Amino acid sequence: MIKAVMMMNTQGKPRLAKFYDFLPVEKQQELIRGVFSVLSSRPENVSNFLEIDSLFGPDSRLVYKHYATLYFVLVFDGSENELAMLDLIQVLVETLDKCFSNVCELDIVFNYSKMHTVLDEIVFGGQVLETRSDEIMKAVEEISKLEAASNSISLVPKSVSGWRGGR
Amino acid sequence: MEQLKTIGRELAMGSQGGFGQSKEFLDLVKSIGEARSKAEEDRIVLSEIDILKRKLLEPDIPKRKMKEYIIRLVYIEMLGHDASFGYIHAVKMTHDDNLLLKRTGYLAVTLFLNEDHDLIILIVNTIQKDLRSDNYLVVCAALNAICRLINEETIPAVLPQVVDLLNHHKEAVRKKAIMALHRFHRKSPSSVSHLISNFRKRLCDNDPGVMGATLCPLFDLITEDVASYKDLVSSFVSILKQVTERRLPKSYDYHQMPAPFIQIKLLKIMALLGSGDKSASEIMYMVLGDLFRKCDSSTNIGNAILYECIRSISCIIPSPKLLEAAADAISKFLKSDSHNLKYMGIDGLGRLIKISPDIAEQHQLAVIDCLEDPDDTLKRKTFELLYKMTKSSNVEVIVDRMIDYMISINDNHYKTEIASRCVELAEQFAPSNQWFIQVIMNKVFEHAGDLVNIKVAHNLMRLIAEGFGEDDDDADSKLRLSAVESYLQIMSEPKLPSLFLQVISWVLGEYGTADGKYSASYISGKLCDVADAYSSDETVKGYAVSALMKIYAFEIASGRKVDVLPECQSLIEELLASHSTDLQQRAYELQALLALDARAVESILPLDASCEDIEVDKDLSFLNGYIQQAIESGAQPYISERERSGMLETTDYHSQDHHEVPSHALRFEAYERPKPSSLRTQASTELVPVPEPSYYSEAHQPISTSSVSERESSEIKLRLDGVKQKWGRPSYQSSTSASSTPPQAANGTSSHPDVGVGSSSLKPRSSYESKKPEIDPEKQRLAASLFGGSSSSRSDRKSSSGGHKPAKGTASKPPKENPIPVQPPPDLLDFGEPTATSVTATDPFKELEGLMDSSSQDGGSTDVMGVLYSDAAPVTTTTSVDSLLSELSDSSKGNPGTYQSQTSKGPNSQEALEKDALVRQMGVNPTSQNPTLFKDLLG
């Protein structure tokens, strides 16, 4: 099972954090900080895997990938395959890239809810739900569209320009 | 000017399609991005919280505004601040009819609340309603929320709807309903136990995606109960077969692999089902063999499947052919330049080694390279492998390596783990007690003393006390002397861990003067130094005082005159007035003991009697006479606390017992004991008036001395009943068996799964040792000692491990002797490549490229993403938009124009540059010079 998905920038600022079991805010922060301090001390040319029992309890592994200013991190237990998780990050990034075209750190910050929408299509309750980025895109677009429709009908007309990135 | 800039930025954002948030939110993100310190960030967030608190109180907030506030709350909470003041607004938002707002509400609620939060009750009704919605997107949103918000009590409220959704016409809904049901099963298996047949049913779903989703719950179910799913073996195998034969729609391909995630799940399930089941395993041989042939090892996902095959093979009962294929795959992994693959290779090796122990030997040099790799993850994995393949012949080398590594790291968690592994291996395989004490225990204690389990210390003391467990008194005393000598030496080092000092004190007390080499005053002086230097550590002081007592007792008993050193005297005096009752009592006991005559002392503290069993009279029957007497003279009979409080029928026996033990020790023993000697009365009367909180924390300490006779108090550490049960027996036995004579040591290994390694490794060894002259001889020696023969005698091994000197060869086994000059057999040629030693010299980005399966090699392009997607992206997006349009023709007419402008926008470097400029403006400081921030993603 996947325990957490995190994105943080190279300065340790969390950009997105989702824990699939509830954790209090302080604990979340502690984990994010812990993960960042481990990641930032990793040399560049090494594996993308970490055994991270010290933070997440026994049998926890972590897979991360470093893109430009961002770390993408997946934390999971022994029932997942490390290499496959690495590809799951790849799926996520490819999808985001399709969503935002040349996704960058700011896209992630400002489109917080859309990020979650994408993530929810990929990982559902800690299990891998979908890995075809076209399908994910389709689902996300469908939601955006419907939301846009409901938005333009029921909300202030001025918001038309506002929904696009947000949803 | 500043204003102009701001306007410019907003314009820039507007022209880009914007980030869809208000200026306030942008400013918030920006100022946090620019914050120079955590304190500054906190200040910004706190003022934001104030603003939000105020705004949320305003009446009639427009919904769109409200949505933004909620998002800001989520953002604040992600930064680690409490946003609970706004939870209720998020909850309210889930009730909204507007999908956008509803989804925002659900999102916020799933991030804010745990399943037991009070507000959940306000949402359950909404979820129920939404699950019945006609709009499948609403249903999906509700299913998503269910996963996080429903607890055991609320499961029944939504369960019927979720079960209905298993037959929904949309596959996306069916998939999510299965996952939700799976989640329920995880939370409370009993609540859905009558529904698990649904998972089986869904396995036959028309949609492969739904079938794939079903594998997740089935995996869990099969993990719990393999037997009831044996009938599905052939179904799983045939599904896997169909997947590998590309019978699934092309859209399930990922990097040219057909549905890899489904394949991996299936392989995992097969590993469970085939474990220990010959007939089930046989069904799987075919498809596994096919997979090895078909898997594309040039992509990351292909390797993921290969690894999963290896894993499955190590779990089922494999055929020799499959084992061979797995070994081949592992050697490919190990030879790869990618650290990830090496890691998987080492992991696979660790799994396969259980089945075919000799497999490790072909890879010994690769393993050693991994051991010396700068990558910590890889190193640790390799230590795990070594741990699995430890046997008595290589334990010294492996443990040495582990200790070296342990000393070099700062990570306490891992230090603890590796220390306990060292101890475990040492206890199991130690070639001699001498080695065990000198090398392992002392080193481990010195460097990780505060991290190891206290029972390890007790094992060590017991080992020293019991010696070889045979009639070899001479060897025993030699062992003890060497322990004493090494400890006297180590003691002078500053800052030793407390636990280690306890062991040292105990050993010095028991055996410091035992063979007459050291005088009592020398040892007692040392002990006083310890008590002095670590005066804040009461446990150590207690041990030191007890040790002093033993030293003096032995002196008195042997008829010598005792000169109490002045520093000793002052230590005793200081402790007589100590705040710790434990230390006080010890000091009084010591003082009293000094006044006794030799015969009495000898019966109190007999020499070297720490191993003798002492029976503790738990019922305190020796008090019967006294009680009888007291009752006769009119005292009330004792009524237990339980009876007194009327809880006689209590169900919780365990906790009762648990509670009673400590109170026992406190209450009776100090007050009601008969008084056999004047010494004891003194002690106990002193004890009473000074209640100490630390008393309890030291429960393992011999504080209860007053309850038992003086004679026992000296051996208390190994005596107490409860203590013995807690620390003792299992490890105690293992240490004795390991520590005994060589034939018994061999016995100890036979319980280990790797026992076959030793014998079978003998033959092939000479062949690989002889391999290639160009490999560092040092490394070769290490390899030889790690993977080498097992049956060499102890002295032989000693010399081999002692600094890895070539002296090894002089010993008894001719084939081992001269590893280098033998000519290399042809089949091992590839192994001798010097690349094996120069792994780290590879291009850092190679790995990424390999993972990406990208055809683009053009690192100089300004927009690689563009190159990759320029042909594909617009096409697919527009088609999907079209299909969406047709599907949603009723509602989506609202505003497709703007939407399309976004999707068809496509990547261009101009835009990327703008974005980058914005990023910089916003203070995010990209580290890369690359305008397209994701360029290195694609190499």
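Rule-based calculations on the coordinates, nothing more; no lab input. Given the structure is predicted, the values throughout are model-derived calculations rather than measurements. When we count neighbours, we look across all protein chains shown, and the Cβ atoms used for this are built from the backbone with ideal geometry, even at glycine.
Worth a mention:
- Yes/no for B:ARG246 being surrounded by fewer than 20 Cβ atoms within 10 Å (Cβ to Cβ), of a type in the set (Lys, Arg) and free of Cβ contacts under 8 Å to residues at least 60 places away in the same chain: yes
- Any chance B:LEU122 is away from chain A (no Cβ under 12 Å) and in contact with a helix residue (DSSP H, G or I) (Cβ under 6 Å, 6 or more places away or on another chain): yes
- Count of residues meeting criterion [over 12 Å from the mean Cα position of the chain (by Cα) and more than 9 Å from every other protein chain (Cβ to nearest Cβ)] in region A:78-90: 1
- For region B:153-171, the set of residues classified as charged (D, E, K, R) and over 36 Å from the mean Cα position of the chain (by Cα) consists of B:ASP164, B:LYS170, B:GLU171, listed by residue number.
- Screening region B:94-107 for residues that are within 9 Å of chain A (Cβ to nearest Cβ) and not charged (D, E, K, R) and picking the one that is farthest from A:LYS27 (Cα to Cα) gives B:ASN98.
- Every condition in (1) part of a helix (DSSP H, G or I); (2) closer than 22 Å to A:PRO43 by Cβ; (3) within 14 Å of another protein chain (Cβ to nearest Cβ) holds for B:ILE407 except the one numbered (3).
- Residues of region B:29-72 satisfying the condition of being at the interface with another protein chain (Cβ under 10 Å from one of its Cβ atoms) and among the hydrophobic types (A, V, I, L, M, F, W, C): B:VAL29, B:ILE32, B:ALA35, B:ILE70, B:ILE71
- Test: residue in region B:355-374 that is of a type in the set (A, V, I, L, M, F, W, C) and within 14 Å of chain A (Cβ to nearest Cβ): yes
- Looking across region B:553-565, the residues that are assigned to a helix (DSSP H, G or I) and among the hydrophobic types (A, V, I, L, M, F, W, C) come down to B:ALA553, B:PHE554, B:ILE556, B:ALA557.
- Taken over region B:56-79, the criterion of being assigned to a loop (DSSP other than H, G, I, E, B) and more than 30 Å from A:LYS27 (Cα to Cα) is satisfied by B:GLU58, B:PRO59, B:ASP60, B:ILE61, B:PRO62.
- Considering region A:91-115, the residues that are touching a strand residue (DSSP E or B) at 6+ places or on another chain (Cβ under 8 Å) and more than 7 Å from chain B (Cβ to nearest Cβ) include one that is surrounded by the fewest Cβ atoms within 10 Å (Cβ to Cβ), namely A:ILE108.
- Single match in B:SER279, B:SER336 (criterion: farther than 21 Å from B:PRO258 by Cα, of a type in the set (Ser, Thr, Tyr), within 14 Å of chain A (Cβ to nearest Cβ) and more than 26 Å from the chain's Cα centre (by Cα)): B:SER336
- Here B:ALA145, B:ALA172 are screened, and the one residue that is among the small types (Gly, Ala, Ser) and either facing chain A (nearest Cβ under 9 Å) or not in a helix (DSSP H, G or I) (or both) is B:ALA172.
- Residue that is nearest to B:PHE261 (Cα to Cα) [pool: residues in region A:133-143 that are facing chain B (nearest Cβ under 7 Å) and in contact (Cβ under 8 Å) with a residue 24 or more places away in the chain]: A:MET137
- Applying a threshold of 8 Å to beta carbon distances and a minimum spacing of six or more residues, or different chains, the list of pairs starting in region A:17-30 at a residue that is more than 7 Å from chain B (Cβ to nearest Cβ) and ending at one that is of a type in the set (S, T, N, Q) and in a helix (DSSP H, G or I) reads A:PHE19/A:GLN28.
- Scan region B:566-606 for residues that are part of a loop (DSSP other than H, G, I, E, B) and touching a helix residue (DSSP H, G or I) at 6+ places or on another chain (Cβ under 6 Å) and the total you get is 3.
- Counting only residues that are in a helix (DSSP H, G or I) and more than 33 Å from the chain's Cα centre (by Cα), region B:506-535 holds 19 of them.
- Boolean, A:ASN48 is crowded, with 21+ Cβ neighbours inside 10 Å and under 25 Å from B:PHE219 (Cβ atoms): yes
- Some residue of region B:300-309 being of a type in the set (Asp, Glu) and over 32 Å from the mean Cα position of the chain (by Cα): no
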